[in-house]
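Input: a single structure, listed below in structure tokens.
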Amino acid sequence: MEILYKHLNEQCQDIVLLDAKDRIRYMHKDILIEYPKIKEIHSLLNQLMDRPKKPRMQNLLIIGESNIGKTSIISSFEKKHHSYGIEDENEMSVIVRPVILALASDNADVKDLYTSILESFWSPFNPGDTLVKLRHQVFHQMQECNVKILIIDEIHHFLRGTSKQ
């Protein structure tokens, strides 16, 4: 079979041969080009994830202009570290979620943050519960699922409030 689009790599040749609907669907997919800076950030996140637990864990704040791909970078990191199942010492199935990605809401409320984290676990909870109970549930879920790193997207919303908030 003669290759019609010799100037394209194999993957692109396959895409060009799709029907119009599938080519359009492909164009709308999220694609992350792994530039060196992205690899560097992923490497830093992996290093943070592999550190032994201690009371004051080191953090990483990723700062940049709007729409430059910060969310795409952390989303791709989360996808690379997807959840999986294991059996514990009692032969019970346990879900491991090494990375949790939560979104800080515009109103920068701790209760909303706990709610966002719990939503990431897809587990039932009552958003009307007290702050103390939601905090307990967050910490319990993180321990149960062996979470190694918590990523909070849009955390700058918390920088707007007063010290009391």
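Screening the candidates LYS80, LYS70 for the property of being of a type in the set (D, E, K, R) and in contact with an Asp or Glu (Cβ under 9 Å, 6 or more places away or on another chain) yields one hit, LYS70. If the condition is being farther than 16 Å from ALA102 by Cβ, of a type outside the set (Val, Ile, Thr) and either assigned to a loop (DSSP other than H, G, I, E, B) or modelled with pLDDT under 90 (or both), then the stretch 58-72 contributes GLN58, GLY64, GLU65, SER66, ASN67, GLY69.
Note on the stretch 118-149: residues that are among the aromatic types (Phe, Trp, Tyr) and either in contact with a strand residue (DSSP E or B) (Cβ under 8 Å, 6 or more places away or on another chain) or assigned to a helix (DSSP H, G or I) (or both) amount to 2.
Within the stretch 70-108, how many residues are more than 13 Å from the chain's Cα centre (by Cα) and in contact (Cβ under 8 Å) with a residue 24 or more places away in the chain?
So in the stretch 70-108, the residues more than 13 Å from the chain's Cα centre (by Cα) come out as 84-96, 105-108.
Checking which are in contact (Cβ under 8 Å) with a residue 24 or more places away in the chain leaves us with 94-96, 105-108.
Residues that pass the stated criteria total 7.
Tell me which residues, restricted to the stretch 124-146, are closer than 26 Å to ASN46 by Cα and either surrounded by 14 or more Cβ atoms within 10 Å (Cβ to Cβ) or touching a helix residue (DSSP H, G or I) at 6+ places or on another chain (Cβ under 9 Å) (or both). Listed by number, the residues that qualify are ARG135, GLN137, VAL138, GLN141, MET142, GLU144, CYS145. Considering only the stretch 88-115, state which residues are part of a loop (DSSP other than H, G, I, E, B) and either in contact with a Leu (Cβ under 7 Å, 6 or more places away or on another chain) or among the charged types (D, E, K, R) (or both). Hits for the stretch 88-115 are ASP88, GLU89, GLU91, ARG97, ALA104, ASP106, ASP109. What's the total number of residues in the stretch 63-113 that are surrounded by 15 or more Cβ atoms within 10 Å (Cβ to Cβ), within 22 Å of LEU48 (Cα to Cα) and touching a helix residue (DSSP H, G or I) at 6+ places or on another chain (Cβ under 6 Å)? Residues flagged as surrounded by 15 or more Cβ atoms within 10 Å (Cβ to Cβ), within 22 Å of LEU48 (Cα to Cα) and touching a helix residue (DSSP H, G or I) at 6+ places or on another chain (Cβ under 6 Å) within the stretch 63-113 amount to 8.
The values are calculated or read from the model by the stated rules, or taken from the named source; none is laboratory data. The structure presented is a predicted model; accordingly, all values stated were derived computationally and were not measured. A quick note on method: Cβ atoms are made from the backbone with ideal geometry, for glycine too, and the neighbour counts reach across all protein chains shown.
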